[in-house]
Amino acid sequence: MLVQQEEQTTRLRRAFRACEDQQRGHVALVTGAVGSGKTSLLESFSEWAAGAGGQVMSAAGSRAERGLHLGVVGQLFHSARLAPQEAARVEKLIRDAAFAVPLPEPGGEAADGDRAWAPLLHGLFATLLDLTGAGPLVLAVDDVHHADPASLHCLLYVARRLRHARIMLVLAEASTLRPPHPLFRAELLSQPHFSRIGLPPLTVEAVARLAGGDADDADARRTAERCVRMTGGNPLLTRALLEERVSGGLSDDYGQAVGDAFDQAVLGCLYRHEPGVRRVAQALAVLNRPAPVDLLGHLLDVVPESTVPALRVLRTSGLMESDELRHPRILRSILGDMSADERRSLHQRAAEVLHEHGAEPSVVAEHLVAAGTAGAPWMVPVLQDAAGHALASGRPDMAAACLRLVSRAPVDEQQRTATTEMLVSARWQINPLTVNGQLTELVETARAAGWSTDAGLSAVPYLLWQGRVDEATEAVTAFPSDEENGSLPGRLRMMQLLVSLSHPDHLASVRETPSTWSRAANAPTAISPLLQAVTVLGTALTPAADNDTVATAEQLLQRHHTDDGALGLLTAPLLALLWTGRSDRAAVWGDVLLGRPVAQHAPGWRAVIRAIRAEAALRVGDLPGAEHHARAALEEMPAPAWGVAVAGPLATLVACATESGRFSEADRWLAQPVPPGMFRTPLGLHYLAARARHHLAVRRPHAATTDLRRCGELMRAWGIDAAGLVPWRLELARVQLSVGNKTQATQLLQEQLRVPHGVDDRTRGRTLRLLATTAAQDHRRKLLSEAVNLLQSSGDRLELVRALGDTGQTLQRAGDSARARLLVRRAYQLAQDCGASVLAQRLIRREPGSGLPAYPAAAELQEPDDGLSDAERRVAALAAQGHTNRQISSKLFITVSTVEQHLTRVYRKLDVKRRTDLPSRLVAYAEALADETQGAAS
């Protein structure tokens, strides 16, 4: 039996048995959508009937043979394999009927032509009766709705005389726009021994069986449910889809395919219907959204009500659900069958109709873009509105497509300038290299207008990106500052501050008078978000006691991270978090922004966020993550497209290669050409610092000193002495220590600690660690303990490794080898987690000239067999320091409930009853993490 056709097959077999046992004929009409399995049911039943002692005659109607006189009847008798004498008699009857008077509509009123046809009808029926002598006779006609009128007359003649004949008439018809022979159908349905057998769509259980699984199996059921959602249960579509699945052509969501079995099945369904059904399907595919009947009628230039039957047929066949096509693959199959000219013509018509129906500009613009036209006067403002909405929604690709059409249309100068402004913004987000021509055009237009138009301000960010800072400065200084119209004054302030922060050699007075802009960082939402974002960046570079930059940056991110068009806005607070020492929060927010679907449409902003995320990963000691994001940033936007901002990802890659001991690779990154203006930007300082660390690693201290002194000179000249940007004194102190100049190193480190409002926890912890190397033995341990605490809280695991290693050295000098071993074990594991294998190996080697015993070998540095997981050990370590559950939750970015669960398991595994017992059981952690814990551990 066929899947989900057991009931229909049983009904047909029961009728056959009644025909055989009770000498009573029967008419069965099998109905269903195209592809619903009618032909399979007829073939299966015919094969069974022949095996059960019956004789089967079969035929199939065809749209191409509707005009073939008695074509279906001829097929029936040809399939019967009559004896030569009988065959000759039937052929003569059919030949004579060809010259008879035409019959009326099958099932209609009698006419004079009936008398001419009577011998044929009587002779054919007599022949059929003779064939029933050996057993019941089955006449199976597939696609009877395509049968020629003469054959339908013959079938009706037989149907009227089945009361006492062992003849079973089995007809199959598909759903059509309208019955081609309504009188025939009406009379057929009125016969006393008639049954209608419908074929419904396949159920989930049936599809699971088709797929070779069991409906009770969860995976098989999920597969079947996805399949039914895509096909509506149409057997033809379902089998094609499963065929692709078996051949490995489908993804898990059935959205993509390598083969074309499903596409061919979709087109097979369409081409077996009338052309009107196909036209409606094409209109739905072009519209690609729910379409009411009046809109469809207007689009196809027909009476709206005439589309209703086509919609019914499409729903019945499974191609359509509700008011739209069921699945994107169905839509793509239909569009792929249309020629390019057909698609363009229908898209243009759709744009016109949707515009007349009051559709949103973005909806109309999609069709104008697909049609590639903007000739009518009404199209330009629609495309401009749609482009503005697309930019605000984070779809620069769609905005650029709209604006390209506008740029080819006849527009006035004001419209052309507005179009160029938006086109620069859209194209920059896709590929900054493509905006040079339009950017120069904007500058020339603004200069010609005396910089009094908004075009000059619009060009500023992109000029700064390319290093054309003189033109950007000209734009913001020449713009009339007494403008009172709209939001221009606030925008002007924002652009001036942007110039001052990105290229600090320019407009220093703007940066040096924070009272004119710093209040915006803490202002309510009435302030422009763009101005507020740039202001937060300003407070990060010029920190003051009355500015809580971190809180304001996180508020901006929290408020706008779900806004589709806010990626560019949010890069400023993200960078502010990085430069205020909260790399851990910058990493979290970077992942949030990269996970937004809108990020996929703006490669430019996505690359910038990746670069910030890479530097954040580097500063928390995640070397593999930092390298991954930095490389991805340069892949999504090649180095030439970065302008002066290329310093960001290159600096991170140089630092990663240096920390990993891959010095040749670092040299290759440093050999990348960079624009000269890069070194006059804050990001250029990142690059100089990374290059200096590389110089030091390959024993070029003088070159390192030159780069770092240049950093210091620039930062002091700019009045930007934020350690989160570059702690140049700290880095220079490292160089001085490497050449044995402890006095100079100590002065630099103490000066670094005295920088007002410019030292974050990470920088202070790193500074104290280096300062400990210059301190006396009794003071060193205290400095290292404080450094460990600060580095732990800031999240910099790489610097924490160094601090733990230094603490281990100190303990060994004091003769406490056991506790030193525990600390080194922890440092070694952290270094491995960070991907810093070179640093990990350095921990277990004897330090040259130290006079200390060698650290334990790597094989000895295994985790203590305490049964704790890494997560449990981190929670326990913080609890041992005295942190509350809520504080631990905040530091590790987990819920309070998770902290409680970890502690419950820790107590059980370590066999402790209360929190105060933890330090003595976690010597490796407690000793390293807090000064007061050292006492408890001892």
Query raised in the report: Where in region 396-475 are there helices (runs of 4 or more DSSP H), lying wholly inside it, with at least 2 residues that are modelled with pLDDT of 95 or more, more than 30 Å from residue 634 (Cβ to Cβ) and touching a strand residue (DSSP E or B) at 6+ places or on another chain (Cβ under 7 Å)?
Result: none
Report task. Can you run down the residue pairs with Cβ atoms below 8 Å, 6 or more apart or on separate chains, where the first is in region 737-749 and under 16 Å from residue 780 (Cα atoms) and the partner is of a type in the set (D, E, K, R)? Result -> 745/734; 749/729
Query raised in the report: Which ones in region 570-583 are in a helix (DSSP H, G or I) and buried (at least 20 other Cβ atoms within 10 Å of the Cβ)?
Result: 570, 572, 573, 574, 575, 576, 577, 578, 579, 583
Query raised in the report: When region 305-326 is examined, which residues are found to be more than 15 Å from residue 291 (Cα to Cα) and of a type outside the set (Val, Ile, Thr)?
Result: 317, 318
Requested in this report: Please verify whether region 680-696 includes one or more residues that are surrounded by fewer than 17 Cβ atoms within 10 Å (Cβ to Cβ) and either of a type in the set (D, E, K, R) or closer than 17 Å to residue 640 by Cα (or both).
Outcome: no
Query raised in the report: Using beta carbons and a limit of 7 Å, which pairs, at least six apart or on different chains, have the first residue in region 879-891 and surrounded by 14 or more Cβ atoms within 10 Å (Cβ to Cβ) and the second one outside any helix (DSSP H, G or I)?
Result: 880/922; 881/930; 889/895
Report summary line: residue 730 vs (1) of a type outside the set (Val, Ile, Thr); (2) outside any helix (DSSP H, G or I); (3) buried (at least 20 other Cβ atoms within 10 Å of the Cβ): all pass except (2)
Requested in this report: Consider residue 18 carefully, then state whether it is under 16 Å from residue 197 (Cβ atoms), of a type in the set (A, V, I, L, M, F, W, C) and either free of Cβ contacts under 8 Å to residues at least 12 places away in the same chain or surrounded by fewer than 17 Cβ atoms within 10 Å (Cβ to Cβ) (or both).
Outcome: yes
Query raised in the report: Since residue 192 meets every condition but one in (1) part of a loop (DSSP other than H, G, I, E, B); (2) of a type outside the set (Phe, Trp, Tyr); (3) buried (at least 19 other Cβ atoms within 10 Å of the Cβ), which condition does it not meet?
Result: (3)
Query raised in the report: Of the residues 633, 599, 611, which is over 19 Å from residue 794 (Cα atoms) and either assigned to a loop (DSSP other than H, G, I, E, B) or at pLDDT below 95 (or both)?
Result: 599
Report task. Determine which member of the set 95, 115 is in the same structural domain as residue 44 (by TED's automatic domain parsing), under 24 Å from residue 65 (Cα atoms), of a type in the set (Lys, Arg) and modelled with pLDDT under 90. Result -> 95
Report task. Tell me which residues, restricted to region 154-170, are over 13 Å from residue 28 (Cβ atoms) and either not hydrophobic (A, V, I, L, M, F, W, C) or not in a helix (DSSP H, G or I) (or both). Result -> 157, 160, 161, 163, 164, 165, 166
Query - Lone qualifier among 39, 31, 9 - being among the β-branched types (Val, Ile, Thr), touching a residue at least 24 places away in the same chain (Cβ under 8 Å), under 30 Å from residue 210 (Cβ atoms) and out of contact with any strand residue (DSSP E or B) (no Cβ under 7 Å at 6 or more places or on another chain) - result: 9
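Matching residues to (1) more than 31 Å from the chain's Cα centre (by Cα); (2) surrounded by fewer than 20 Cβ atoms within 10 Å (Cβ to Cβ); (3) part of a helix (DSSP H, G or I):
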{"position": "281", "(1), (2), (3)": "no, no, yes"}
{"position": "289", "(1), (2), (3)": "no, yes, no"}
{"position": "299", "(1), (2), (3)": "yes, no, yes"}
{"position": "305", "(1), (2), (3)": "yes, yes, yes"}
{"position": "310", "(1), (2), (3)": "yes, no, yes"}
{"position": "314", "(1), (2), (3)": "no, no, yes"}
{"position": "331", "(1), (2), (3)": "no, no, yes"}
{"position": "342", "(1), (2), (3)": "no, yes, yes"}
{"position": "350", "(1), (2), (3)": "no, no, yes"}
Query raised in the report: Do we find that residue 688 is free of Cβ contacts under 8 Å to residues at least 40 places away in the same chain and under 26 Å from residue 542 (Cβ atoms) in this structure?
Result: yes
Requested in this report: State which residue pairs qualify: first residue crowded, with 21+ Cβ neighbours inside 10 Å and inside region 359-375, second residue of a type in the set (Val, Ile, Thr) in any location, beta carbons under 8 Å apart, and separation of 6 or more residues or different chains.
Outcome: 361/382; 364/382; 365/382; 367/286; 368/382; 374/380; 374/406
Query - Test set (1) hydrophobic (A, V, I, L, M, F, W, C); (2) at pLDDT below 90; (3) farther than 16 Å from residue 55 by Cα - residue 131 fails condition number - result: (3)
Report summary line: All-but-one check, residue 750 against (1) more than 49 Å from the chain's Cα centre (by Cα); (2) more than 21 Å from residue 775 (Cα to Cα), failing number (2)
Report task. Show the residue pairs that are 6+ apart or on different chains and have beta-carbon atoms under 9 Å apart, the first residue being within region 168-189 and in contact (Cβ under 8 Å) with a residue 24 or more places away in the chain, the second being assigned to a loop (DSSP other than H, G, I, E, B) and of a type in the set (Ser, Thr, Tyr). Result -> 174/36; 174/317; 175/36; 175/317
Requested in this report: List every residue pair whose Cβ atoms sit under 7 Å apart, with the two residues 6 or more apart in sequence or on different chains, where the first one lies in region 276-294 and is within 15 Å of residue 349 (Cβ to Cβ) and the second, anywhere, is of a type in the set (Ser, Thr, Tyr).
Outcome: 280/307
Query raised in the report: In region 21-55, which residues are more than 21 Å from residue 162 (Cα to Cα), among the hydrophobic types (A, V, I, L, M, F, W, C) and exposed (fewer than 15 other Cβ atoms within 10 Å of the Cβ)?
Result: none
Query raised in the report: Quick one: how many residues across region 66-78 are surrounded by fewer than 16 Cβ atoms within 10 Å (Cβ to Cβ) and either outside the structural domain of residue 167 (by TED's automatic domain parsing) or part of a helix (DSSP H, G or I) (or both)?
Result: 1
Query raised in the report: Which condition does residue 739 not pass, out of (1) β-branched (Val, Ile, Thr); (2) touching a Pro at 6+ places or on another chain (Cβ under 6 Å); (3) buried (at least 19 other Cβ atoms within 10 Å of the Cβ), if it passes all the others?
Result: (3)
Query raised in the report: Across region 491-512, which residue is farthest from the chain's Cα centre (by Cα) among those that are within 17 Å of residue 472 (Cα to Cα) and at pLDDT below 85?
Result: 511
Requested in this report: For region 781-795, state whether one or more residues are of a type in the set (Ser, Thr, Tyr) and either without any contact (Cβ under 8 Å) to a residue 60 or more places away in the chain or outside any helix (DSSP H, G or I) (or both).
Outcome: no
Query raised in the report: If you go through region 356-395, how many residues are touching a Gly at 6+ places or on another chain (Cβ under 7 Å) and part of a helix (DSSP H, G or I)?
Result: 2
Query raised in the report: Regarding residue 706, is this residue in contact with a helix residue (DSSP H, G or I) (Cβ under 6 Å, 6 or more places away or on another chain), part of a helix (DSSP H, G or I) and among the polar types (S, T, N, Q)?
Result: no
**Report entry** Whichever residue in region 1-46 is outside any loop (DSSP other than H, G, I, E, B) and among the β-branched types (Val, Ile, Thr) and, among such residues, is farthest from the chain's Cα centre (by Cα)
**Finding:** 27
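The values are calculated or read from the model by the stated rules, or taken from the named source; none is laboratory data. Just so we're clear, the structure is a prediction, and the values are computed from it rather than from any experiment. Positions of Cβ are backbone-derived with ideal geometry, glycine not excepted, and every protein chain shown enters the neighbour counts.
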